[in-house]
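In what follows, a single structure is set out as structure tokens and then discussed.
The values are calculated or read from the model by the stated rules, or taken from the named source; none is laboratory data. In this text, all values refer to a predicted model and were calculated from it rather than measured experimentally. Here the Cβ positions follow ideal geometry from the backbone for every residue, glycine too, while neighbour counts run over all protein chains shown. These accessible areas exclude ligands, DNA and RNA; they are computed on the full protein's heavy atoms, side chains included. Shrake-Rupley method; radii C 1.70, N 1.55, O 1.52, S 1.80 Å.
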Amino acid sequence: MFGYILRRLLSAIPVLVIVAVLVFLMLRFTPGDPAAVIAGDNASSEQIALIRNRLGLDQPVLTQFTIWAGNLLTGNLGESFFFKKTIAELIASRIEPTLSLAFATILIAVVVAIPLGVLAAYRHGSWIDRIVMGFSVLGFSVPVFVIGYLMIYVFAITLGWFPVQGYQPLSQGFGGYVQRLVLPSLTLSVIYIALIARMTRASVLEVLNEDYIRTARAKGQVERKILFRHALKNAAVPIVTVVGIGIALLIGGVVVTESVFAIPGLGRLTVDAVLARDYPTIQAVILLFSGVYVGINLLIDLAYSLFDPRIRY
Amino acid sequence: MSAEPTILAPVVAERPASRRRIFGRLLRNPSVAIGGFVLVVMTLIGLLAPVLGTLDPTAINPSTRNKVPGFERTIRADDGSTSVFKHRMGTDSLGRDVYSRVVYGARVSLMIAVTVALASVAIGLVIGLVAGYIRWLDGPIMRVMDGLMAIPGILLAIAVVSLFRAGLAAVVIAIIVPEIPRVVRLVRSIVLSVREEPYVEAAIMAGTRVPALMARHILPNTVAPLIVQGTFIAASAILVEAILSFLGIGIPPETPSWGNIMAEGRNLFRVFPHNILYPGIFLGLTVLAVNMLGDGLRDTLDPKMADR
């Protein structure tokens with residue numbers, strides 16, 4: 001068991017190294033001179049040379065990569081040219097809203113999607129099933145920002161239940177924090193609910209045909225317990241997997257949702273960095289998000305082997 | 001073609017009949033029929049844009065800025081005669097007619113959907129065949145694909161866009177790149193399972209060369225899954241274009257696209273929600289139709305994938 005965990009942990013390292021190399025190479029493939037782009041249109045050639053020197057662009061590519069990777073490993077993410085701060089500081093100041101949004105979204109999605117999926121599977125072919133499946137296809141078809149603006153229009157502008165936009169840190173009071181988090185996390189959870197509900201339905205549907213479900217029914221177990229204890233438990237692996245895979249959707253959605261609701265988080269930082277062509281920041285944010293994505297999926301994988309006795313490698 | 005007449009003959013003879021049957025079965029599938037119908041309508045709207053009562057979608061008119069849907073404007077022609085034009089979907093903050101922009105926007109979205117789907121399937125197919133068939137390249141190729149897939153799709157697209165000058169080509173490339181690894185994985189897994197099949201082993205034993213082996217025995221197995229995958233890629237391409245344009249890093253505003261019409265409507269959304277509402281409806285409807293088409297195609301062409 002310990003050997004498996006260790007092997008699995010080690011196997012994530014090459015993936016992250018490749019991500020780092022890809023992200024690094026992207027900057028090299030930029031058409032034109034990144035230093036000139038960063039310096040702006042009115043820069044003199046001395047200024048461009050200075051930036052090139054500071055970025056280390058005047059050195060061989062391999063040396064550049066070694067220096068950059070070495071800095072990464074020691075936790076030095078570099079410095080943002082646009083925000084004039086170290087990237088570590090930038091990320092630290094932007095992380096709270098993003099984490100809050102992500103957690104709230106996952107919570108809403110799991111609480112709503114799993115019962116919906118179980119219900120749809122249980123009433124397979126009924127109108128409930130059709131509605132859940134219809135909602136799921138619809139959820140995949142409407143862009144996050146359209147859902148966001150619809151929410152703002154209905155719940156903030158017309159009904160006035162929530163503030164239109166903005167974010168309030170937790171340290172300034174719990175009420176305002178939650179109030180400003182409701183609409184963005186509802187918005188972001190739509191696509192996630194669609195994904196999880198669909199997978200829950202498919203997976204529970206498969207399990208419901210198993211012999212042990214018939215046995216449970218035969219011995220007179222109540223339906224609710226059959227569904228949530230026998231069926232859902234055995235259907236859990238694909239559901240948890242899709243929650244993990246959905247993190248990629250969630251990260252993409254964070255970028256858009258934060259822009260719609262004017263939330264000063266990492267997603268907004270990503271867009272600002274791209275608009276300003278702030279390459280060091282773009283690299284760092286992509287690495288961070290990819291690391292989180294790979295890390296969460298690794299944890300989920302490990303969790304199976306710990307909790308599901310059927311899975312042994 | 002005469003190398004293996006005994007093997008090819010029955011296959012060739014059966015084909016026309018089975019093709020017709022598949023086509024008929026497809027049309028009877030309600031998802032395919034509804035999705036296909038909506039897409040045909042959208043394509044017609046895009047193609048016929050100039051004759052659908054539109055104005056020049058790029059014409060800026062300071063006197064009609066921010067008008068609500070239904071606003072009527074009097075247009076004076078050169079010869080002095082006047083006509084009344086009704087802005088069915090209102091105007092944006094530069095006075096452009098939103099209806100015309102939405103109708104012309106269908107062109108960009110549909111073009112991107114088709115281009116991205118075809119290109120990512122073609123590129124992914126080639127890489128996937130190479131990875132699945134040439135053993136020593138399998139490892140390196142798949143590690144790079146794993147790396148690409150570890151970067152969340154929209155982030156990867158944003159990163160690629162940031163490398164180029166904003167424009168249609170940059171957006172198309174940015175949407176293709178994150179889709180390729182998924183196609184490669186699919187194709188590779190099909191190749192790996194098919195090459196163990198007795199008929200492929202028999203063909204190899206009979207001395208069939210690699211190109212012929214690919215074309216006759218391996219490629220046909222990838223067609224149905226790739227059609228399904230390509231459809232879903234088309235749906236996601238429309239969405240990603242809209243998202244990139246909406247974030248201000250997609251199609252430049254001179255070319256109307258559903259995404260950049262909505263991006264333009266962001267600032268005044270509280271007062272004039274129609275700038276986001278109408279393009280949003282068109283976009284949602286189109287993506288929904290593509291997704292339904294994909295679901296229907298999957299159920300009909302590729303029953304093994306149906307419950308996934």
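Points to keep in mind about this one:
- Averaged over the residues of peptide B:273-286, the number of Cβ atoms from other protein chains lying within 10 Å of each residue's Cβ is 3.
- Relative counts (whole %) of C-alpha pair distances in segment A:198-262, using bins that are 5 Å wide: 4, 17, 20, 15, 11, 9, 8, 7, 5, 3, 1, 0
- Selected from A:Ala231, B:Leu247, B:Ala170, residue furthest toward positive end of dipole (the protein assembly as shown; charges at beta carbon): A:Ala231
- Stokes-Einstein diffusion coefficient of segment B:133-267, Kirkwood radius over Cα pairs, 20 °C, 1.002 mPa s, in µm²/s: 125 µm²/s
- Per-peptide average of other Cβ atoms within 10 Å, ordering B:194-201, A:224-231, A:132-139 highest first: A:132-139, A:224-231, B:194-201
- Averaged over the residues of peptide B:143-150, the number of Cβ atoms from other protein chains lying within 10 Å of each residue's Cβ is 6.
- At most 11 other Cβ within 10 Å, DSSP loop - trypsin sites (Lys or Arg not before Pro), segment A:135-210: none
- Chain A contacts chain B over a buried accessible area of about 3700 Å², both sides summed; the probe is 1.4 Å and only protein chains count.
- Charge dipole magnitude, Cβ of K and R +1, D and E -1 - the protein assembly as shown, Cα centre, debye nearest 20: 1400 debye
- Shielding by partners for peptide A:266-272, expressed as the average number of C-beta atoms from other protein chains within 10 Å of each residue's C-beta, is 2.
- Inter-part distance where segment B:267-304 and segment B:101-148 are each reduced to a Cα centre, Å: 22 Å
- Cα centroid separation, segment B:150-223 to segment A:254-284 (Å): 31 Å
- The distance from the alpha carbon centre of segment A:129-205 to that of segment A:212-248 is 26 Å, rounded to a whole number.
- Protection proxy ranking of B:36-44, B:118-126, B:287-295 - average other beta-carbon atoms within 10 Å, highest first: B:287-295, B:118-126, B:36-44
- Long-range Cα-Cα pairs in segment A:118-276 (distance over 22 Å), rounded percent: 55 percent
- Accessible-area composition of segment A:150-239, carbon plus sulfur, in percent [1.4 Å probe]: 58 percent
- Rh by Kirkwood over Cα pairs, then Stokes-Einstein D for the protein assembly as shown at 0.692 mPa s and 37 °C, µm²/s: 122 µm²/s
- The Kirkwood radius of segment B:243-300, taken over pairs of alpha-carbon atoms, gives through the Stokes-Einstein law at 4 °C and 1.567 mPa s a diffusion coefficient of 104 µm² s⁻¹.
- Calculated FRET value between A:Ile67 and B:Val210, using beta carbons and R₀ = 41 Å, to 0.05: 0.40
- Placing +1 on the Cβ of every Lys and Arg and -1 on the Cβ of every Asp and Glu, with nothing else charged, gives segment A:89-228 a dipole about its Cα centre of roughly 420 debye.
- Solvent-accessible area per residue, Å², over segment A:113-217 with all protein chains present [probe radius 1.4 Å]: 46 Å²
- Mean separation of Cα pairs under 8 Å and 6 or more residues apart, divided by the residue count, gives segment B:169-308 a relative contact order of 22 percent.
- Within segment A:127-141, the residues that become at least 50 Å² less accessible when every protein chain is included than when their own chain is isolated (1.4 Å probe; DNA, RNA and ligands ignored) are A:Val137, A:Ser141.
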